[in-house]
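Asker: Questions regarding the structure given below will be posed in turn.
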Amino acid sequence: MTGHARGFPPIAAPGARILILGSMPGQASLAAGQYYAHPRNAFWPIMGALLGFAPALPYPERAVRLAAAGVALWDVLHACTRPGSLDTAIDRDSAEPNDFAAFFAAQPGIRHVFFNGSAAAALFRRHDQLPPGAAGTRLPSTSPAHAGRNFADKLAAWQAVADALAGCGRRG
């Protein structure tokens, strides 16, 4: 089965300093209408640990906490054809990127872009570029399909997001 998937609008508040980019929501997320809705995805537990909120909060509250911390969340792709949820199944010829020129113009405070996995980083670099003065870092995917690292290892790598928010690890 091949499905044409469309992503979500960004979660962002004025003054965002960090942007976290995934590739495209998986089937569980699309069905729920929520970023990282798969129950075994480590994204919300990691962000909760880093930013001090319970990952079991209702989705709207998690989104508010993320935005209030200065973190924007989006996906590289606006739409694509992909059977299933795996990034490796994305038909690259069908990939339609989000409008990052408009997003970065509306969010001039973004100083660091973190990619949730190698597919997000590769897709972004294929279609777009970082805003002037911003750094980009690929982090291990929070997807349950990325079983090469356990939660503790992923959390340790994702500490870079909290460090960037605190002003550590910033370039430029």
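Asker: Given the options Arg138, Arg149, Arg126, name the one that is touching a Ser or Thr at 6+ places or on another chain (Cβ under 7 Å), more than 12 Å from Met24 (Cα to Cα) and not acidic (Asp, Glu).
Answerer: Values: Arg149 fails: touching a Ser or Thr at 6+ places or on another chain (Cβ under 7 Å); Arg126 fails: touching a Ser or Thr at 6+ places or on another chain (Cβ under 7 Å).
Residue meeting the stated conditions: Arg138.
Asker: If you take the residues in the range 142-172 that are polar (S, T, N, Q) and touching a residue at least 40 places away in the same chain (Cβ under 8 Å), which one is surrounded by the fewest Cβ atoms within 10 Å (Cβ to Cβ)?
Answerer: Within the range 142-172, the subset polar (S, T, N, Q) is 142-143, 150, 159.
Going one step further and asking which of them are touching a residue at least 40 places away in the same chain (Cβ under 8 Å), we end up with 142-143, 159.
Details: Thr142: 25, Ser143: 22, Gln159: 16.
Per the stated criteria, the residue is Gln159.
Asker: Quick one: would you say Thr137 is surrounded by 14 or more Cβ atoms within 10 Å (Cβ to Cβ), β-branched (Val, Ile, Thr), assigned to a strand (DSSP E or B) and within 13 Å of the chain's Cα centre (by Cα)?
Answerer: So Thr137 fits the description; yes.
Asker: For the range 1-50, how many residues meet the condition of being exposed (fewer than 15 other Cβ atoms within 10 Å of the Cβ) and either in contact with a Lys or Arg (Cβ under 6 Å, 6 or more places away or on another chain) or hydroxyl-bearing (Ser, Thr, Tyr) (or both)?
Answerer: 1
Asker: Of Asp99, Asp128, Asp153, which residue is acidic (Asp, Glu) and within 24 Å of Trp44 (Cα to Cα)? Don't jump to the end; show me each part of the working.
Answerer: On the way: Asp99 fails: within 24 Å of Trp44 (Cα to Cα); Asp128 fails: within 24 Å of Trp44 (Cα to Cα).
Only one candidate qualifies: Asp153.
Asker: List the number of the failed condition for Arg125; all other conditions in (1) surrounded by 15 or more Cβ atoms within 10 Å (Cβ to Cβ); (2) more than 12 Å from the chain's Cα centre (by Cα); (3) of a type in the set (Lys, Arg) hold.
Answerer: Of everything listed in (1) surrounded by 15 or more Cβ atoms within 10 Å (Cβ to Cβ); (2) more than 12 Å from the chain's Cα centre (by Cα); (3) of a type in the set (Lys, Arg), Arg125 misses just condition (1).
Asker: Sticking with this structure for a sec: From Pro83, Pro60, Pro97, which residue is over 24 Å from Asp163 (Cα atoms), in contact (Cβ under 8 Å) with a residue 40 or more places away in the chain and either buried (at least 21 other Cβ atoms within 10 Å of the Cβ) or of a type outside the set (Asp, Glu) (or both)?
Answerer: After ruling out the rest, the residue left standing is Pro83.
Readers should treat all values here as calculations from the given coordinates under stated rules, not as data from a laboratory. As the structure is a computational prediction, the values presented were derived from the model and not from experiment. Don't worry about glycine lacking a Cβ; one is built from the backbone with ideal geometry, like all the others, and counts go over all protein chains shown.
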